[in-house]
Every structure is written in C-alpha cells, then in structure tokens.
1. Answer yes or no: is there a residue in segment B:92-103 that is at pLDDT 95 or above, more than 7 Å from chain A (Cβ to nearest Cβ) and either over 24 Å from A:P670 (Cα atoms) or surrounded by fewer than 22 Cβ atoms within 10 Å (Cβ to Cβ) (or both).
2. Restricting the search to segment A:23-38, which residues are more than 13 Å from chain B (Cβ to nearest Cβ) and not in a loop (DSSP other than H, G, I, E, B)?
3. Out of (1) surrounded by fewer than 19 Cβ atoms within 10 Å (Cβ to Cβ); (2) touching a helix residue (DSSP H, G or I) at 6+ places or on another chain (Cβ under 7 Å); (3) not β-branched (V, I, T), what's the single condition that is false for A:G501?
4. Tell me, which residue of segment A:711-738 that is within 12 Å of chain B (Cβ to nearest Cβ) and either among the basic types (K, R) or in contact with a Ser or Thr (Cβ under 8 Å, 6 or more places away or on another chain) (or both) is farthest from A:Q140 (Cα to Cα)?
5. Take the residues of segment B:111-139 that are surrounded by fewer than 20 Cβ atoms within 10 Å (Cβ to Cβ) and more than 12 Å from every other protein chain (Cβ to nearest Cβ): which is nearest to A:C710 (Cα to Cα)?
6. Is there any pair with a first residue in segment A:583-607 that is under 18 Å from A:K563 (Cβ atoms) and a second that is among the aromatic types (F, W, Y) and outside any strand (DSSP E or B) whose Cβ atoms are under 8 Å apart and which are 6 or more apart or on different chains, and what are they?
7. Taking A:R775 as the residue in question, decide whether it is out of contact with any Gly (no Cβ under 7 Å at 6 or more places or on another chain), in a strand (DSSP E or B) and of a type in the set (K, R).
8. Would you point out the residue of segment A:193-226, among those that are of a type in the set (S, T, N, Q) and touching an Asp or Glu at 6+ places or on another chain (Cβ under 7 Å), that is nearest to B:V37 (Cα to Cα)?
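The values are calculated or read from the model by the stated rules, or taken from the named source; none is laboratory data. Everything numeric here is computed off the predicted structure, so don't read it as measured data. So basically every Cβ, Gly included, is an ideal-geometry build from the backbone, and we count neighbours across all protein chains shown.
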Amino acid sequence: MSATGIGAPVRRREDGRFITGAGQYTDDLHVEGQVYAVFLRSPYARARITDIDASHALSGEGVLAVLTGDDMRADGIGDIPCGWLVKQKDGSDMVSAPHPPLAHTFVNYVGEPYALVVAKTQDAARHAAERVHTDFEELQPVIDLATATDSVEIHEGVRHNLAYDWELGDRTATEQALADAAHVVRLDLVNNRLIPNAMEPRAAIGRYDAATGEHTLYTTSQNPHLARLILSAFVGIAPEHKLRVVAPDVGGGFGSKIFVYAEEAAVLWAARRLRCPVKWTAERAESFLADAHGRDHLTHVELGLNEHGRFVALKVQTSANLGAYLSTFASSVPTYLYGTLLAGQYKTPNIYVEVHGVYTNTAPVDAYRGAGRPEATYVVERVVEVAAREIGKDPADLRRMNMIQPGDFPYETPVALTYDTGDYEKSLDRALELIDYAGFSARRIEARQRGCLRGIGMSCYIEACGLAPSQLAIQLGAGVGLYESGEVRMNPTGNVTVFTGTHSHGQGHETTFAQVVSDRLGVPFEDVEVVHGDTGRVEFGLGTYGSRSLAVGGSALVKASDKVIAKARIIAAHMMDVGADDVTFDGGVFSVRDSNRSMTIQEVAFAAYVPSNYPLDLEPGLSEKAFYDPENFTYPAGTHIAEVEIDADTGVVRVVDFVAVDDFGHVINPLIVEGQVHGGVAQGLGQALLEHGRYDDYGQLLTGSYMDYCMPRADDVPQFRVDTTTTPCTHNPLGVKGCGEAGAIGSPAAIMNAVTDALGVRDLTMPATSEKVWRAIRGAKGGIR
Amino acid sequence: MEITVTVNGRSHRLDVSPNTLLVDILREQLRLTGTHVGCDTSQCGACTVHLNGDAVKSCTVLAGQADGASVVTIEGIGAVDDLHPMQAAFREHHALQCGFCTPGMIMAAIDLVEKSDHLDDAAVREGLEGNICRCTGYHNIVNAVLSVAEAKA
C-alpha cells in the first residue's frame with residue numbers, strides 16, 4: 001500500500017481551506033449587487049390566509065418588494081413534487097397533497113413560508129418583514145400522530161390524513177406463524193422526531209442574467225443536479241439548460257440538504273422579477289421550523305420464536321409522520337428504506353410490515369442520516385433484546401443462533417432484498433471481545449458500589465446503501481435513476497481532473513476519490529483534482545445521500561478510469577509499434593511484454609493531445625465519462641455495543657463505553673471512515689438520550705432553538721472504540737459498501753438496550769432523559785438491580 | 001457611530017450602527033468569512049474569535065464594544081503554509097468534516113489550551129462545551145486539542 005493509495009489514512013486535502021477560514025460556504029459568497037430576502041412564515045399550524053397587507057412594509061427605506069404565494073402562482077411557478085410515488089396496498093397511488101413553494105390559500109405548519117420581503121440590506125428586510133400585516137383564520141390543527149387518522153382532514157380530499165397505506169411481506173403466513181409460535185414478544189415503540197441541525201444553516205442566492213436568460217442558484221445542497229432537475233421540470237423556474245446550480249462548500253447535511261426547498265425556488269424567481277441577485281440565509285430558528293425533520297414513528301411489533309429460540313415471524317405495524325407536505329423523498333423513507341430492512345441480520349422466515357404514511361400539521365419529515373434504516377434497526381434490535389430477556393437467553397447468544405451465516409449468501413429476505421455478502425458473527429465476536437463482555441458483571445457490581453446502575457446493550461444492524469438498481473427503483477416509484485456519473489480527464493501535461501456527480505458535505509470526497517483515481521491510473525495523488533457541486537462543470541449526478549458516494553460515484557470513477565486506460569493502451573501500443581494485447585499496464589506505466597520498452601500514462605496523455613505519432617482511426621484527447629448503475633444495494637452491517645452508567649439519584653445517563661465493529665467492505669481511507677462512524681454514533685447517542693423535536697397541542701415547536709433542543713456536546717459523548725471487519729461487496733469494482741450512516745443506525749438501539757438493562761425495565765421511550773430515567777427508577781419497584 | 005478596531009493586526013475605522021454585532025463587521029464589512037454564524041442563541045460557538053486575548057462568541061458582542069480592541073480571527077492565526085499548531089493538529093487528527101464549526105472550535109481550543117495548566121480528556125470536553133459540532137462526535141477534536149496541550153506541557 002502506498003502512502004496515498006487505497007487503504008492509506010491520507011490527511012484530507014480539503015482541510016487546508018477549512019482550518020484557515022478559507023472555505024466558501026453559500027453565505028460566504030457575495031454576488032455583486034445582491035439584495036436580501038427574509039421569509040414570512042406562518043405563526044399557526046393550520047390557518048387560512050385571509051389578507052396580506054404589505055403597504056407599511058413597502059414604504060420602508062430600501063425595501064424592494066413583498067412577494068406572496070399568490071404572486072408566485074400568478075407567475076406560473078409550480079408546486080414542489082415528491083420524488084417517489086409509493087403504491088398502496090390496493091395498488092392505487094399514494095395521495096400527494098399539492099405543495100406550493102409559497103403557501104397561498106392555506107398554511108399547514110408553523111414556519112411554512114407564504115411570502116418574502118426583499119430589501120437592499122438584511123436589516124431593512126428584517127424590519128420590513130415585521131411590518132407586513134397578515135390576517136389568518138385559524139383552523140383546527142392535527143398534531144398528534146397517534147390520533148391523526150381520526151382527526152379533521154388537513155388537505156381537501158386526503159381521507160383520514162393518509163398519504164398511503166402500504167405493506168410488504170406475507171401477512172397470512174406471518175400471522176399464522178405468530179399463532180403457532182412458542183413465544184411471542186409484543187412491544188410498542190416510539191422513534192422520536194429529530195431535527196437534523198447541520199451546523200451550516202441553509203442559504204441560497206438566486207441570480208438572473210436578462211441578457212442571456214441564464215439563471216444561477218448558489219445553494220446549500222447535497223445534490224445540485226437533482227435540485228436543477230426538479231426546479232426545472234416540476235417547479236418550472238427555468239429550462240434545465242438555462243439553470244445552473246452551484247453548491248459550494250456545504251456545512252453538513254445529514255439528509256436535510258437533499259431536498260428541494262421553497263426558498264431555493266423563491267430566490268430564483270425573485271431575482272428574475274427584480275433583476276438583481278437575491279440572497280437568503282436561514283437563521284437557526286428557521287432551520288428548526290422549516291428544514292425537513294427526521295424519524296417520528298409509532299410502531300407495534302410482534303416477534304414469534306419457537307421453543308428453541310429461533311425467530312419464526314416478525315409483524316410490524318407503523319404510523320409514520322410525514323408532516324404537512326411530502327418532501328422530496330419523504331414517501332420512500334418509511335417504506336422502501338424501512339420495511340425492506342426488517343429482516344436485519346436474521347433468518348426470520350416470515351415477515352410482514354404495514355405502514356401508514358400520515359399527514360400532520362408539522363414540518364415535513366424526510367430522510368435524516370440513516371433514513372428508515374435506523375427506525376428498522378430500532379424495531380428489530382429492541383424486540384430481539386426483549387425476547388432474549390423474556391426467554392432467559394443471553395442476548396448475544398439469541399442473536400447468534402438466528403444470524404444469517406456466511407454460507408447462506410446470496411440471501412434472499414422475505415422483504416424483497418438480496419444480501420450479497422457478510423459475516424455477522426465475526427463483527428459480533430470482535431465487538432464482544434473489545435467490550436470485554438465476559439467482564440461486564442464485575443463492572444456492574446463495581447458501579448453499584450458507586451451508586452451507579454450499569455447496563456450493557458448491543459445492536460446488530462444491517463443497512464442497505466447505494467440504492468439501486470435504477471430500473472427496479474423506478475418500478476417501485478422512484479422519480480429518478482440511481483446511478484452516478486463521473487468523468488476522468490487526463491490533461492495534456494499529465495495531471496488529472498476528476499468530475500463526480502456526488503457532492504461532499506463533509507465526507508472528504510476530494511481526498512478519497514483522488515486516492516481511488518490516483519491508485520487506478522498510477523498517477524501521483526497530488527496530480528488528481530476532484531470537481532463536484534456545480535451543474536455548470538459536472539455533466540450530471542444524483543448527489544450524496546444514503547451512503548452511496550463511494551459505492552456508486554466511486555465506481556463510476558473506476559469505470560471512467562478504466563476507459564482512460566483502455567484508450568491510452570491503444571495509443572501506447574501504436575507508439576511502441578506493437579499490438580494492444582502486447583502492452584501491460586501497471587503503476588502508471590505501459591510496458592511491452594518481454595521487452596524493456598515502456599511509456600508512462602502521462603507521456604501517453606501528452607501524445608493524445610499532441611497527436612503526431614497517433615492511430616489514424618482514434619479520436620485525440622484522453623478524457624472519459626462513465627455512468628455506473630449498481631446491480632444491487634450494498635449491505636454494510638456490524639455490531640455496536642454500549643455500556644451506560646446511570647446515577648441512581650439523578651437519573652443522568654452516561655455512555656461510558658461504546659464499541660462499534662462495522663463491515664464496510666474495503667476501506668479506502670480509514671481515517672475518514674472512523675470519523676464517519678464517530679459522528680454517526682454521536683447522532684445516534686443524541687437520539688437515544690438527548691434529542692426530541694416536540695410540538696405542543698397547537699403545533700408550536702417547543703424545541704425551536706439550541707436552548708430547548710438538546711444537541712450532543714463534547715461532554716455528552718465518550719471516546720468511541722471503532723474497528724472493522726471486511727467482506728468485500730461482491731458487485732462493485734471497489735468492493736466497498738458505504739460508511740456514512742452506520743453509526744446513526746446501530747447506536748440508538750444499543751444504547752437503549754443498555755439503558756433498559758441498567759434499569760431492569762422492559763422499555764423506555766427515547767430520548768432517555770434524566771427525568772424519564774429518574775421516574776423509571778422510582779417506578780420500578782424491585783426492578784433496579 | 002464610528003469605531004476603531006484592530007483585526008488580525010490591521011487597524012480599521014468602521015462606521016457601525018449601535019446594534020451591529022462584531023460578527024457582522026467581520027463577515028460583512030471586512031469580508032473575513034472564516035468566522036461563521038451557526039445559531040441565533042449564542043449556543044453553537046461557530047463565531048468564536050479572540051477579543052483582547054479572550055475567546056468570545058462574536059455574535060454576542062456589539063461592534064461598539066470592540067471599539068479600541070484587538071480581534072483575532074481564524075484568518076489571523078496561521079496560513080496554509082504556516083499553520084498554527086492547533087490548525088495542524090486538527091488536520092492531523094481528522095478533527096473536522098464539513099468544516100463549518102471548525103474555525104470557532106479552533107479559536108476556542110487555542111484559548112482553552114493557553115489558559116489551562118493540566119488538560120485531560122474530561123477537561124477538554126468541558127472546555128469545549130460551548131462549541132457544537134454535528135459531524136465528528138468530538139472524538140478527534142478532543143484528541144487534537146489534547147495533542148497540542150501535551151506538546152505545550
């Protein structure tokens with residue numbers, strides 16, 4: 001392994017700009033002549049807009065315009081679509097209520113934008129926004145997920161507030177197996193609503209060039225090409241070839257910056273109307289109210305076991321809160337990214353899941369780190385844990401005896417996936433060894449002497465990454481393909497510019513992808529530059545989400561690199577006067593077999609652009625594009641084990657040890673991979689112990705700032721212990737699986753299994769705040785060990 | 001009102017409003033965009049700079065309060081080819097991902113190390129409690145800061 005090749009912990013090249021303050025995030029951009037937008041947002045969860053009086057606001061100094069949802073509609077701007085059409089049980093299409101970028105008649109959640117004020121300065125825009133008088137007629141909101149289907153209709157014609165009633169698996173067989181089971185474990189679970197909180201608030205700048213008709217959107221996006229496609233094809237802002245979307249440095253996303261948002265459409269539209277660039281930057285309060293939230297499920301699960309402890313059936317019924325409108329991928333998260341993962345790592349022969357996708361008068365809910373897979377893992381790993389306790393088996397042993405074995409692959413689950421490879425026991429064994437599972441009871445006794453309740457909990461998760469293949473996904477309702485594009489361009493002087501359709505928002509693609517291409521082409525790492533995040537420079541792409549970038553985008557770059565090598569081989573063979581079959585390629589050098597003649601790929605590149613001695617039937621140049629469409633998902637999997645200590649007097653929970661052993665297939669840059677796990681686990685810890693997006697009965701967000709929404713801080717998390725096992729993915733050229741979400745998928749169940757173990761209670765809802773835990777301690781008569 | 005403020009060693013005379021924040025003059029007037037704004041409640045610490053040698057959240061300091069003061073921002077502590085030890089440690093330990101919280105985190109960490117005699121894991125975590133990072137889980141940030149503290153000791 002070279003110091004910069006595949007597998008090397010290369011220090012990130014993007015860090016140079018970030019640690020010196022030279023990063024360029026959207027709000028750092030200053031477009032000459034820019035003016036400022038402030039959005040007017042609904043103060044009510046559900047209301048009819050009866051009047052908007054902007055006269056006072058418009059009289060303010062520097063105020064350029066107050067633009068409303070009616071203005072937007074009059075200009076022919078279309079609705080924001082949901083990009084995934086889910087079919088219901090009866091075969092009918094899901095019901096997608098219209099989602100105008102700016103509300104015009106009704107507002108349906110607190111924070112929904114219905115107008116914007118544009119002024120020459122930020123201050124003027126803010127002041128003017130205060131002076132717009134809007135009359136609302138309040139309507140009864142629907143907030144509580146549990147009762148939403150029996151409440152008033154939010155959207156006309158959407159009966160029972162149901163976007164869909166969806167199912168997967170064999171209901172009859174599953175119910176029969178449950179009826180025949182020796183033991184059935186039933187559990188009601190809550191997957192708490194989370195608010196993503198990337199540290200960079202969303203921002204957007206719209207720009208319009210009247211002379212050329214070109215529109216440019218600078219935005220905080222994980223996938224600028226998708227934004228361009230949706231804004232063009234559906235919202236109708238501008239034709240695709242007249243719209244350029246640039247996402248410069250993006251300060252975190254975790255899913256929340258996948259989606260197309262109202263503000264992006266509005267600044268472009270306003271820029272065209274006003275003939276000047278319009279900039280908007282969210283305040284954190286707006287991020288809380290109007291970024292898409294995550295999770296928010298209510299689930300009833302039943303697990304059947306036979307007399308030996310083998311799982312015979314799993315039945316899952318879930319209500320998923322989708323919020324007031326279906327955000328870009330909202331419909332797919334609680335269905336195809338959730339129900340399909342309910343087999344977990346186990347050979348459960350009968351599985352059935354039904355999901356109600358429910359509208360409420362809350363912010364839209366969509367993909368957040370893990371997106372459906374943390375929810376599925378939580379269901380499976382909580383019910384398995386409870387089962388082990390109820391039948392008196394060691395939780396590790398019960399999991400082990402039910403695991404899919406290495407000889408079982410490819411393994412077809414009862415819920416539509418085919419796992420290609422894995423070795424689940426190996427990760428489990430390594431994690432048990434790292435945590436010193438056998439020594440736990442001594443640690444528990446020692447903790448008790450200090451007044452602490454110590455618990456241990458594990459979670460053996462699986463996820464499906466790199467959603468694919470396109471044709472299948474489109475059959476299942478996806479509105480776009482799920483391939484990725486890449487281009488590898490050798491420049492005449494021998495260095496390389498790489499273009500990828502994925503886009504980093506912290507993952508270090510500029511480093512990892514350079515490692516991949518430099519390794520493949522045999523050119524120095526320093527000579528490879530990675531370009532992304534600009535539809536004006538990169539041909540096409542679907543962006544970064546679902547831990548797909550390396551497995552799908554990296555594979556496209558391998559494919560493009562191989563095309564470059566293939567063409568270069570022909571050129572080299574011609575120049576060395578032999579047949580292409582006589583030329584080998586290794587480490588950036590083309591050599592003639594059984595001879596000392598050779599030339600470097602850089603020499604070939606020069607010849608390709610200065611073709612003097614060159615094959616007559618070959619085009620000059622050495623730049624190749626590739627689209628890579630995976631044949632299957634990848635299936636990262638692993639075991640996470642948490643140990644917690646609870647102060648018996650205060651109920652404060654501390655995660656005192658955390659071990660994550662993950663199988664991501666081959667690892668390109670272990671430094672980056674470990675960092676992804678650390679961050680994911682911290683977010684999972686946040687879900688388990690700290691974070692909860694809560695509304696009151698009127699739909700006011702109670703957790704609308706960092707004073708009320710508890711983000712994990714440095715002193716809330718422990719040092720993590722991370723290791724990997726490796727079964728290479730069988731169907732992509734790098735053998736990689738994806739590592740971005742595993743931490744957030746595996747950890748919540750591990751931590752909650754540890755908390756409930758420490759307390760000796762069957763269940764506790766996340767987040768396990770000190771208050772809830774304190775009450776559980778007081779309520780658990782004799783249950784506390 | 002007019003203020004005089006020294007930023008990264010250069011003196012500036014600036015016309016500000018009474019309600020202008022220090023972070024606004026850094027970002028908007030001086031275009032020093034390395035100092036970021038991540039919240040509106042003084043919680044996240046992305047805007048941390050040094051004011052007369054102390055780490056402060058520049059979203060919570062009025063520009064007028066900086067009149068006559070010396071301010072150092074992330075742009076003022078080192079350059080790519082001449083990094084401050086804390087910047088170098090952040091890169092070496094992979095203590096950043098998206099980079100948005102990083103400038104504030106580095107400025108807070110420098111202050112923490114300079115003003116502490118003995119830093120261990122727990123003390124670093126407590127010392128950085130006012131800076132939120134959503135990407136790293138703090139693991140590598142703590143290691144980076146400890147490495148600088150150990151080098152100083």
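1. Applying the first criterion (at pLDDT 95 or above) to segment B:92-103 yields B:92-103.
Next, from what is left, pick out any that are more than 7 Å from chain A (Cβ to nearest Cβ): B:93, B:95.
Filter again for either over 24 Å from A:P670 (Cα atoms) or surrounded by fewer than 22 Cβ atoms within 10 Å (Cβ to Cβ) (or both), leaving none.
Within segment B:92-103 (the criterion being at pLDDT 95 or above, more than 7 Å from chain A (Cβ to nearest Cβ) and either over 24 Å from A:P670 (Cα atoms) or surrounded by fewer than 22 Cβ atoms within 10 Å (Cβ to Cβ) (or both)), the answer is no, since none of the residues qualifies.
2. Answer for segment A:23-38, where residues must be more than 13 Å from chain B (Cβ to nearest Cβ) and not in a loop (DSSP other than H, G, I, E, B): A:V35, A:A37, A:V38.
3. With respect to (1) surrounded by fewer than 19 Cβ atoms within 10 Å (Cβ to Cβ); (2) touching a helix residue (DSSP H, G or I) at 6+ places or on another chain (Cβ under 7 Å); (3) not β-branched (V, I, T), A:G501 is out only on (1).
4. We begin by selecting, within segment A:711-738, every residue within 12 Å of chain B (Cβ to nearest Cβ); these are A:711-722.
Narrowing further to those that are either among the basic types (K, R) or in contact with a Ser or Thr (Cβ under 8 Å, 6 or more places away or on another chain) (or both): A:713, A:721.
Values: A:R713: 38, A:R721: 49 Å.
Among those that are within 12 Å of chain B (Cβ to nearest Cβ) and either among the basic types (K, R) or in contact with a Ser or Thr (Cβ under 8 Å, 6 or more places away or on another chain) (or both), it is A:R721.
5. It comes out as B:D111.
6. A:A607/A:Y614
7. It is false that A:R775 is out of contact with any Gly (no Cβ under 7 Å at 6 or more places or on another chain), in a strand (DSSP E or B) and of a type in the set (K, R).
8. Just the residues of segment A:193-226 that are of a type in the set (S, T, N, Q), to begin with: A:197, A:212, A:216, A:219-223.
This time we only want the ones that are touching an Asp or Glu at 6+ places or on another chain (Cβ under 7 Å), so: A:219-220.
Details: A:T219: 16, A:T220: 15 Å.
Out of the qualifying residues, it is A:T220.
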